[in-house]
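**Q** One structure coming up, written as structure tokens, with questions to follow.
The values are calculated or read from the model by the stated rules, or taken from the named source; none is laboratory data. Fair warning: this is a prediction, and the values are worked out from it, not measured in the lab. Positions of Cβ are backbone-derived with ideal geometry, glycine not excepted, and every protein chain shown enters the neighbour counts.
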């Protein structure tokens, strides 16, 4: 543990096994992730990643709105835009649960609270396009199966991009570990 740095353990892990801490280094801040690799992720890299994901979500959502507006009118366009953006954020929350482990790993839904909130979000999203009260309040309409599939397919692009990023991060971590193991001083022996 570094003196003067606040360490917040990740849920389900003891503080010694992993945690996050902000440490100020001059004008730049670095986010330390004390995991297996003990590496640091630059705050600038994290902000760039989040900006890229935000841009992807904006382009995807606006594209679906444009398509639906031309093909089905304003009410459907408004609803498909809301559904696409909500699915983007739902999928991104699943991908953001762990920085390096795939969302398709067994541990992704091991947290009960995460399962409940994710399921609740999806249920409310579906209900917002089905129940009349939501139609009145949110100005939504019922979507057809094809429209739901289009919204889902576009929103799944964030999963593809995030999984590629995670694979690159895992590969970098493995390469760093191999380099560290290969950088033993001359004459060093292992037991």
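**Q** With modelled with pLDDT of 95 or more, in a helix (DSSP H, G or I) and under 18 Å from the mean Cα position of the chain (by Cα) as the only criterion, which of 81, 54 stands out?
**A** From the options 81, 54, the qualifying one is 54.
**Q** Can we say residue 93 is surrounded by fewer than 17 Cβ atoms within 10 Å (Cβ to Cβ), within 15 Å of the chain's Cα centre (by Cα) and closer than 26 Å to residue 74 by Cβ?
**A** So residue 93 fails the test.
**Q** Among the candidates 153, 103, single out the residue that is within 30 Å of residue 171 (Cβ to Cβ) and without any contact (Cβ under 8 Å) to a residue 24 or more places away in the chain.
**A** The match here is 153.
**Q** What residue, among those in the stretch 132-150 that are touching a residue at least 40 places away in the same chain (Cβ under 8 Å) and part of a helix (DSSP H, G or I), is farthest from residue 66 (Cα to Cα)?
**A** In this case the residue turns out to be 138.
**Q** Consider residue 129 carefully, then state whether it is in contact with a helix residue (DSSP H, G or I) (Cβ under 9 Å, 6 or more places away or on another chain) and free of Cβ contacts under 8 Å to residues at least 24 places away in the same chain.
**A** Criteria not met by residue 129.
**Q** Also: With the requirement that a residue be surrounded by 14 or more Cβ atoms within 10 Å (Cβ to Cβ) and modelled with pLDDT under 90, what does the stretch 102-131 give you?
**A** Within the stretch 102-131, 102, 103, 108, 109, 111 meet the criteria.
**Q** Which of the residues that make up the stretch 106-124 are in contact with a helix residue (DSSP H, G or I) (Cβ under 9 Å, 6 or more places away or on another chain) and touching a residue at least 24 places away in the same chain (Cβ under 8 Å)?
**A** 118, 121, 122
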